[in-house]
Amino acid sequence: MSIIVSIENIGFLREPIDRALAKGKAEGLAEGKAEGLVLALDVKFGVIPPRLPQLLAKLEPANLEAMMARVRAAASLEEVLGQTMPADTTISKD
């Protein structure tokens with residue numbers, strides 16, 4: 001005889017499960033936005049600084065969206081990044 005228990009039906013576990021799922025989804029969406037922005041910058045400007053993908057991955061999704069909106073009209077990488085990057089960030093193509 002076996003007993004099968006679904007943790008989805010246990011009330012006190014539902015909230016932490018939902019929270020974990022929402023967090024994972026948000027992180028995945030942010031990661032996708034950062035990767036999309038890196039691709040757009042690479043296509044538009046050619047080789048990008050090696051550290052840039054790591055720096056972009058740390059930004060909030062709203063900042064990434066603002067940068068993505070500037071890609072098409074920007075004449076330089078600096079125009080896309082604008083004031084969004086942290087003040088202590090140095091972007092060089094080395």
* **Odd one out for residue 13, checked against (1) modelled with pLDDT under 90; (2) assigned to a loop (DSSP other than H, G, I, E, B)** => (2)
* Single condition residue 74 does not satisfy, out of (1) surrounded by fewer than 11 Cβ atoms within 10 Å (Cβ to Cβ); (2) part of a loop (DSSP other than H, G, I, E, B) -> (1)
* To do: Could you give me the residue pairs with C-beta distances under 9 Å whose first residue belongs to the range 42-70 and is under 20 Å from residue 27 (Cα atoms) and assigned to a helix (DSSP H, G or I), whose second residue is at pLDDT below 90 and among the hydroxyl-bearing types (Ser, Thr, Tyr) wherever it lies, and which are 6+ apart or on separate chains?
  => 55/89; 63/84; 64/84; 66/84; 67/84
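The values are calculated or read from the model by the stated rules, or taken from the named source; none is laboratory data. Nothing here was measured: the structure is a model prediction, and the numbers come from that model. Glycine also receives a Cβ, built like all others from the backbone with ideal geometry; neighbour counts cover every protein chain displayed.
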